[in-house]
1. Just checking, does segment 137-154 include any residue being without any contact (Cβ under 8 Å) to a residue 24 or more places away in the chain and of a type in the set (Ser, Thr, Tyr)?
2. Report yes if some residue within segment 177-200 is farther than 25 Å from Met101 by Cα and without any contact (Cβ under 8 Å) to a residue 12 or more places away in the chain; otherwise report no.
3. Counting only residues that are more than 16 Å from the chain's Cα centre (by Cα), within 23 Å of Pro274 (Cα to Cα) and of a type in the set (Lys, Arg), which one in segment 198-234 is surrounded by the most Cβ atoms within 10 Å (Cβ to Cβ)?
4. So which pairs qualify, if the first residue must be in segment 268-285 and under 18 Å from Leu194 (Cα atoms), the second must be in a helix (DSSP H, G or I) and aliphatic (A, V, I, L, M), the Cβ gap must be under 6 Å, and the two must be at least 6 apart or on different chains?
5. I'd like to know if segment 235-243 contains one or more residues that are in a helix (DSSP H, G or I) and either of a type in the set (Phe, Trp, Tyr) or open to solvent by less than 10 Å² (accessible area, probe 1.4 Å) (or both).
Amino acid sequence: MSAPTSLTPLRRPPRLAPGARVAVVAPSGPIPEERLAAGLDVLRGWGLDPVAAPHVLDRHGELGYLAGSDADRAADLQNAWCDPAVDAVICARGGYGAQRMADALDWEAMRAAGPKAFVGFSDITTLHEAFAVRLGLVTLHGPMAAGADFVKSARAQEHLRATLFDPESVRTIRSDGTALVPGRARGVTLGGCLSLIAGGIGTPHTRDSARGGLLCLEDVGEETYRLDRYLTQLLRSGMLDGVAGLLLGSWAECDPYEKVRTLLVDRLGGLGVPVAEQFGFGHCDDALTLPFGAAAELDADAGTLTLEEPALS
């Protein structure tokens, strides 16, 4: 079996301008109507024209953790993406369900529709990987339209807004974190929620190697032994062979950070690459927006990620 090739930068979608139409979709879990309304108001305040997908407020009749049926969730995403009047697609929330509908998407039709910005995190990790593999596009790991973290956080809103409208202004992404392992590294960004990355190995539309990459990882509500399981899976599968560096985000609702940090040192400290911790993305207050598929330099000591080009064209 041949060795996996190093990651290369992906195609950058166009930036947004005032008046752009943005579709809000729910690929995963159900959404409180009042939070959706609040998020749409934020987007309108940016001068955008947000449109909620037809099934965005659905709830599956038997599996209440899903925002409607797999077919309807997939249709909402595909139709929004293929609508030439839509300039960007923003997910409403995470939860669970993206894995169930990813194979129902017509990726050839979505590729033919051309590039546009795509935003989400958490369970949307599955779709970040699929968009990279099937569409070859840079995507944005950032706060979602109906997320409590988004509607309540001016910093999260402003960083996403700047990334969408004025990406030159956020070419250097600065965190308040420190170096778990010091050093600098260059590579192509990828990643998301640790449990979704581990669970996606060996499935369609998912890469099995982060070689040449700056792998970004975070998670929520996991006990330390489960985080150990996911990290060990990445190590045993070869996913981390040749990785250039790692950025570690939030570990909200996990064990106390010192306990989590001990695990991170144990599993990642021996890779011989820079590792930045507490980088400020993921399930945390004031979350930063990170582009995936972009060439960048990580300075773990300074807590910065500097993009070679703006996230959007």
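1. No, segment 137-154 contains no residue that is without any contact (Cβ under 8 Å) to a residue 24 or more places away in the chain and of a type in the set (Ser, Thr, Tyr).
2. Narrowing segment 177-200 to residues farther than 25 Å from Met101 by Cα: 177-188.
Those left that are additionally without any contact (Cβ under 8 Å) to a residue 12 or more places away in the chain: none.
The answer is no, given that none of the residues of segment 177-200 is farther than 25 Å from Met101 by Cα and without any contact (Cβ under 8 Å) to a residue 12 or more places away in the chain.
3. Restricting attention to segment 198-234, the residues satisfying the condition of being more than 16 Å from the chain's Cα centre (by Cα) are 201-204, 208-209, 211-212, 221-234.
Cutting the leftovers down to within 23 Å of Pro274 (Cα to Cα) gives us 208-209, 211-212, 224, 227-234.
From the residues that got through so far, the ones that are of a type in the set (Lys, Arg) too are 211, 229.
Working: Arg211: 20, Arg229: 14.
Here the residue is Arg211.
4. From segment 268-285, the pairs are Val275/Leu268.
5. Within segment 235-243, the subset in a helix (DSSP H, G or I) is 235-237.
After this cut, where a residue has to be either of a type in the set (Phe, Trp, Tyr) or open to solvent by less than 10 Å² (accessible area, probe 1.4 Å) (or both) as well, the list is none.
Checking segment 235-243: not a single residue is in a helix (DSSP H, G or I) and either of a type in the set (Phe, Trp, Tyr) or open to solvent by less than 10 Å² (accessible area, probe 1.4 Å) (or both).
Residues checked against (1) assigned to a loop (DSSP other than H, G, I, E, B); (2) not aliphatic (A, V, I, L, M):
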site	(1), (2)
Ala109	no, no
Ile124	no, no
His128	no, yes
Met144	yes, no
Gln157	no, yes
Arg161	no, yes
Ala179	no, no
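Residue-wise test of (1) open to solvent by less than 10 Å² (accessible area, probe 1.4 Å); (2) under 25 Å from Glu218 (Cα atoms); (3) of a type in the set (Phe, Trp, Tyr); (4) touching a Gly at 6+ places or on another chain (Cβ under 6 Å).
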{"position": "Cys91", "(1), (2), (3), (4)": "yes, yes, no, yes"}
{"position": "Gly95", "(1), (2), (3), (4)": "no, yes, no, yes"}
{"position": "Met101", "(1), (2), (3), (4)": "yes, yes, no, no"}
{"position": "Arg134", "(1), (2), (3), (4)": "no, yes, no, no"}
{"position": "Val138", "(1), (2), (3), (4)": "yes, yes, no, yes"}
{"position": "Ala146", "(1), (2), (3), (4)": "yes, yes, no, yes"}
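The values are calculated or read from the model by the stated rules, or taken from the named source; none is laboratory data. Since the structure is predicted, the reported quantities are computational estimates derived from the model, not experimental observations. For neighbour counting, all protein chains shown are included, and Cβ atoms are generated from backbone atoms with ideal geometry for every residue, glycine included. In case anyone asks, the SASA skips ligands and DNA or RNA and just uses the protein heavy atoms, side chains included. Shrake-Rupley method; radii C 1.70, N 1.55, O 1.52, S 1.80 Å.
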